[in-house]
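The values are calculated or read from the model by the stated rules, or taken from the named source; none is laboratory data. Please read all numbers here as calculations on a predicted model, not as lab measurements. In this analysis, Cβ positions are derived from the backbone assuming ideal geometry, glycine residues included, and neighbour counts consider all displayed protein chains. Side chains are part of the model used for accessible areas, which takes the heavy atoms of the whole protein and leaves out ligands, DNA and RNA. Shrake-Rupley method; radii C 1.70, N 1.55, O 1.52, S 1.80 Å.
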Amino acid sequence: MTSLIAGPDHRERCAWVGDDAEYRRYHDEEWGTPLHGDRALFEKTALEGFQAGLSWITILRKRPRFREVFAGFEPEAVAEFDESDVERLMADAGIIRNRAKIEATIGNARLVRAMRDGELDALMWSFAPAPGIRPTSFADVPAVTPESTAMSKELRRRGFRFVGPTTMYALMQSAGMVDDHIEGCWRAV
């Protein structure tokens with residue numbers, strides 16, 4: 001498989017974008033762009049957790065509904081969800097209806113609520129590695145790194161769920177903690 005693909009605008013992009021317009025927008029505007037803020041990183045953690053075992057495009061297409069039913073991923077609001085909210089979410093076909101993931105998101109929100117303002121951001125970014133060599137192909141992009149393993153271990157120690165090392169590496173990529181845009185991609189700077 002080639003590592004780059006030309007879009008309709010003739011720009012070379014990471015080939016995982018394929019020909020999907022939403023993936024192209026996500027790649028061009030979000031993926032690999034540094035993301036900060038407790039709420040934003042809580043949302044990213046929740047969505048990456050829901051993605052486990054599924055394709056990211058599934059989550060991306062459902063993200064507006066996730067945001068709607070999870071109170072904009074405001075940790076303080078989600079932390080107040082109770083069993084009736086779990087049942088409401090389990091009945092909503094617009095999201096991924098997985099009880100363990102829903103309950104984990106609520107539990108994780110309670111943990112974020114208990115943190116100092118900015119603590120989640122500082123904690124997660126403390127695992128960002130120094131910039132490395134730009135990957136030249138998909139074969140150069142790992143699924144797990146020592147940093148994502150360490151992040152996962154620390155989050156689990158604090159009680160977070162659905163934060164495995166592979167999930168945390170995907171978060172690091174999407175939140176710009178690492179830059180895995182393939183050499184030659186227009187976003188690779």
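Considering only C-alpha atoms, what is the centroid distance from segment 100-163 to segment 29-44, in Å? Here the two parts' Cα centres lie 12 Å apart. With the highest mean first, a sort of the peptides 102-111, 168-177, 24-33 on other beta-carbon atoms found within 10 angstrom per residue produces 168-177, 102-111, 24-33. Computed 3J(HN,Hα) for segment 93-110, one whole-Hz value per residue from the Karplus formula 6.51 cos²θ - 1.76 cosθ + 1.60 where θ = phi - 60°, is 5, x, 10, 7, 8, 10, 4, 4, 6, 5, 5, 5, 4, 5, x, 5, 4, 5, glycine and proline marked x.
Here the chain is treated with +1 on each Lys and Arg Cβ and -1 on each Asp and Glu Cβ, and its dipole about the Cα centre works out to around 380 debye.
From the helices alone, meaning DSSP H stretches of at least four residues, give me the mean residue ellipticity at 222 nm for the chain, per-run term -39500 (n - 2.57), in deg cm²/dmol to the nearest 500.
-14500 deg cm²/dmol
For the set L60, L54, solvent exposure ranked by accessible area (probe 1.4 Å, protein chains only) runs largest to smallest as L54, L60. In this structure the amide hydrogen of L4, modeled in the peptide plane, comes within under 5 Å of the amide hydrogens of A15, none closer than 5 places in sequence on its chain. Calculated from the alpha-carbon coordinates, segment 84-189 shows an Rg and a Dmax of 16.4, 49 Å respectively. Note on exposure: S137, S152 ranked by accessible area (1.4 Å probe, complete protein assembly) read S137, S152, with the most exposed listed first.
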